[in-house]
Structures are given as C-alpha cells and as structure tokens.
Amino acid sequence: MTELTLRALRKTYTGRGRAAVEAVRSIDIELRSGELLGLLGPSGCGKSTTLRMIAGLESVTDGDILIGGSSVVPLTAQQRNIGVAFENYALYPPLTVAENLGFGLSARRRYGRAEIRRRVADMAERIGITDILDARPAGLSSGIRTPDVLLLDEPLSHLDAAQRDTTRRELKRIQRDSGHTTILVTHDQEEALSLADRIAVMRDGEIQQLGTPEEIYDAPVNLFVADFVGEPAINLLPGTADGAGGVRLSDSVRVPVPQRPAAGRAVVLGIRPEDLRLDDTGVRARVAAHEPLLESGIATLSLDGLTKPLVVATGPEVRLDRDDTVRITADPRHIHVFDARTGDALR
Ligand SMILES: Nc1ncnc2c1ncn2[C@@H]1O[C@H](COP(=O)(O)OP(=O)(O)OP(=O)(O)O)[C@@H](O)[C@H]1O
Ligand SMILES: [Mg+2]
C-alpha cells in the first residue's frame, strides 16, 4: 500500500534578518497507490518545496505526510523509501552516479572540484544512495531498491521539444509499468495534461484546483486556472450580465450564457479558442491575422467595441486574409463565466 497523503502541509522559511516566506500554505492531497499526480504552477508557487518536504530534504512547518497510512515526518530522508529526480537532471550512462550528480553542479561553474565532491557526498547521503556512487547508471536498474513513491521535479525541463516528446511517452510507460505512486512537478501545462492522472494546480503556496486533466481543462474553478491551462490561452472577456441570461461585452455584442448571472453583475467570460467557430449566424468580426497550421489554424479577430482581440482555432482547410470579415459563434455549453471581482467560476 503506497498511498501518499499530504495533510494540511505547510512550510514557512524563516531566515536570519529576512522576512518569513510562506512557501506552502496548507496543502491537502491524497494520492492513490500507483497514481501519477501532476503538480502544476508558475515559478515560486511552492512546488519544489512541497516535493522536498515529502522527500525529507526540508523540514515540515506544520501538517503531516503519510505513506501507506503512516507518517514519515519523523523519518530521515534515507529512512523514507522515496525515489527522487530533480530539476535539470539527466543521466549520462558513461559517467558514474557520483560524476552524474557532480555534472549538474560543475555545469553551473559555481563550485570547485573539492566543493563538488563534498556536495555530491552530502546529496547522496540525504537521498540514501551512498552505496552506489561508484556504479554506472546502466548497471543500476537491477540493483536499486524499489521506491514506494517517486518524486520528479521538472525532470524534462532540460530537453528540447523533440526529446521531451519521446521522453514524456517513455516516462509515462515506465510509471505505468512500475506502478509507482508518483508526483511530477512541472510548470508546463501541456506536460501535466498529457501525463497526469490528476493535476493539482498551485498558486502562491495553495492548491487552486485538484482534478483530472479533463476537469481542470473543461471546468476551471477560477480565472487563474482557466488562464494557466490551455494553449493558445483561453479568451477572457470582461462584460456585464443583463439579467436575462446574457452578458453584454459591448453595445453590439451580447453573449447568451447558461449560468444566468444577476443583472448588473460584473463578470468575465472565458471561451477557449477551440470552442469558437466560424458560422454565418454569428457575430461579425474582422480578421487581424491568421496562422494556418498543420492540424488547425489560429485566427486573431477583432470585434467592434471589444478592446482585446479574440483568438479562434480554425480548421486546417481554412484560409483567411487580413481584414476579411467573418462571423463567429461560441457553443454556450463551453462558455465559462467568472465573477470579475473574486475570479471564481459561476456554476
Ligand atoms: N531555502 C529557501 N529559503 C527561503 N525561501 C525559499 C527557499 N526555497 C524556496 N524559497 C521561496 O519559497 C517560495 C517557493 O519556492 P519553490 O522553489 O518551492 O517554488 P517552485 O514552485 O518550485 O518554483 P520554480 O518553478 O521556479 O522551481 C519562493 O518564494 C521561493 O523564493
Ligand atoms: Mg522548483
């Protein structure tokens, strides 16, 4: 049983003479045995801190971490049966494990050789791999213990786009086959969507939404999640509810929405580029730019009275020229409505 539970987990960094940093503010997550959770969020939101607490590399300010139902907080990093791979981490088969660990440090040209040796020894001890430092990675697969939990901190961030694609698929296959309960930290929404069973979207040390990729994508709980997930980004259009099942974006543009917000309420409509389509019954728009791509094109349109351009995914066969006039409609079932003040989704 290797469920991993984070219970009201909190981390405040306090440094001499420096203001305290609330890096993680109270996180609750329950990972099922064998689940791959994507921990997704912008730089500085507390992803690595969360992982380092689970690995035992960072003390816990408050809350609990349970693996298979037992707290691991009293255990040292070596006593926790956890496998870790950190940022910009790559294994070069010709090098020993120690040389591999040192490689990342020397690549940054910050440390001398003795300092690198010391840091490698220290790192190895903390993660409990001192006994394999002289082995080469290729010879390790059979010898290394099987971890209960695997923690991956942006393991693919150093790869180029093509390598990342292949490695992503490989990673998914290995995780499936091995059945390790895994947390994958990433700030790449596409990586999280394509790899994870569930995604936790983090911001400022807090979880904004925890759900399957479909839930996160199709039913974002607030503007932050809606905006962070999706490429090209969701269109966010400020407007005012008219109390009759519509939202006015301008004098000439009114969008019917199923949520029926009260008259006068300031809202923001969220419409993903792929939920808009060219349709003769729709609203008139002028083409500002069109980028035809292999699978689908991207059109940037301007609408009368709207300050922001609208991004629309077009079919692969569509050809549009600048200043063409088109008409567009949105599927009302895929229009998200957010309160303009709180950013929370209206359901
Ligand atoms: N050792 C530390 N001492 C003080 N503050 C820290 C320390 N480590 C991280 N922080 C701060 O805690 C916050 C969360 O940092 P963390 O490294 O967990 O973010 P992250 O989500 O992993 O970001 P990134 O995507 O850039 O790796 C940041 O404000 C960071 O500056
Ligand atoms: Mg990080």
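The values are calculated or read from the model by the stated rules, or taken from the named source; none is laboratory data. Fair warning: this is a prediction, and the values are worked out from it, not measured in the lab. Cβ placement follows ideal geometry from the backbone for every residue including glycine, while neighbour counts extend to all protein chains displayed. Accessible surface is based on the protein model in full, side chains and every heavy atom, while ligands, DNA and RNA are left aside. Shrake-Rupley method; radii C 1.70, N 1.55, O 1.52, S 1.80 Å.
Taking only protein heavy atoms and a 1.4 Å probe, what accessible area per residue, in Å², does the stretch 235-339 have with all protein chains in place? Walk me through the intermediate numbers first.
Working: 5580 Å² over 105 residues.
Counting only protein heavy atoms, the per-residue value for the stretch 235-339 is 53 Å².
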Karplus-derived 3J(HN,Hα) from phi for the stretch 328-340 (6.51 cos²θ - 1.76 cosθ + 1.60, θ = phi - 60°), whole Hz, x at Gly and Pro, runs 10, 10, 10, 6, x, 5, 10, 9, 9, 10, 10, 5, 5
Residue-count net charge about Gly305 - beta-carbon cut-off 13 Å; Lys, Arg +1, Asp, Glu -1
+3
Lysines whose Cα lies under 28 Å from that of Lys47, excluding same-chain neighbours fewer than 8 positions away:
Lys11, Lys172
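What's the carbon and sulfur percent of the stretch 235-339's accessible surface, probe 1.4 angstrom, rounded to a whole number?
Values: 2770 of 5580 Å².
Looking at the stretch 235-339 in its full context, I get 50 percent from C and S.
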Once amide H atoms are built 1.01 Å from N in the peptide plane, which residues 5 or more positions from Val337, or in another chain, come under 5 Å H to H?
Gly270, Leu346
A correct Karplus calculation of ³J(HN,Hα) over the stretch 25-42, with 6.51 cos²θ - 1.76 cosθ + 1.60, θ = phi - 60°, whole Hz and x for Gly and Pro, returns 9, 1, 10, 10, 9, 10, 8, 6, 4, x, 7, 10, 9, x, 9, 10, x, x
Taking Lys and Arg as +1 and Asp and Glu as -1, residues besides Gly44 with C-beta under 11 Å from its C-beta add up to +1
For peptides 19-27, 269-277, 249-257, sequence by mean Cβ density within 10 Å, most packed first:
269-277, 19-27, 249-257
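Taking 51 Å as R0, compute the FRET efficiency from the Cβ-Cβ separation of Asp122 and Glu231 and round it to 0.05. Walk me through the intermediate numbers first.
Values: r = 39 Å, r/R0 = 0.77.
The value I calculate is 0.85.
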Could you pull out every residue, at least 5 positions away or on a different chain, whose amide H is within less than 5 Å of the one on Asn222? Hs are placed 1.01 Å off N in the peptide plane, and Pro or chain starts have none.
Ala345
Out of Glu295, Glu170, Glu214, a Gaussian network model of the chain with alpha-carbon springs under 10 Å gives the largest mean-square fluctuation to Glu295
Per residue of the stretch 194-203, what does 6.51 cos²θ - 1.76 cosθ + 1.60 with θ = phi - 60° give for ³J(HN,Hα)? Whole Hz please, x for Gly and Pro, Karplus curve as stated.
7, 9, 7, 6, 9, 10, 10, 8, 10, 8
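Kirkwood hydrodynamic radius, computed over distinct alpha-carbon pairs, for the chain: how many Å, to one decimal? Walk me through the numbers on the way to the answer.
Working: mean 1/r = 0.0436 Å⁻¹.
Kirkwood hydrodynamic radius for the chain: 22.9 Å.
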Segment Asp324-Ala85, extension gain: residue separation times 0.36 nm, minus the distance between their alpha carbons:
80.9 nm
Mind checking which of Ile174, Ile207, Ile335 has the largest fluctuation in a GNM of the chain, springs on alpha carbons under 10 Å?
Ile174
Nonlocal amide H pairs with Ala289, under 5 Å, H built at 1.01 Å
Thr300
Mind telling me which of Gly205, Gly245, Gly34 comes out most flexible in a GNM of the chain, alpha-carbon contacts under 10 Å?
Gly245
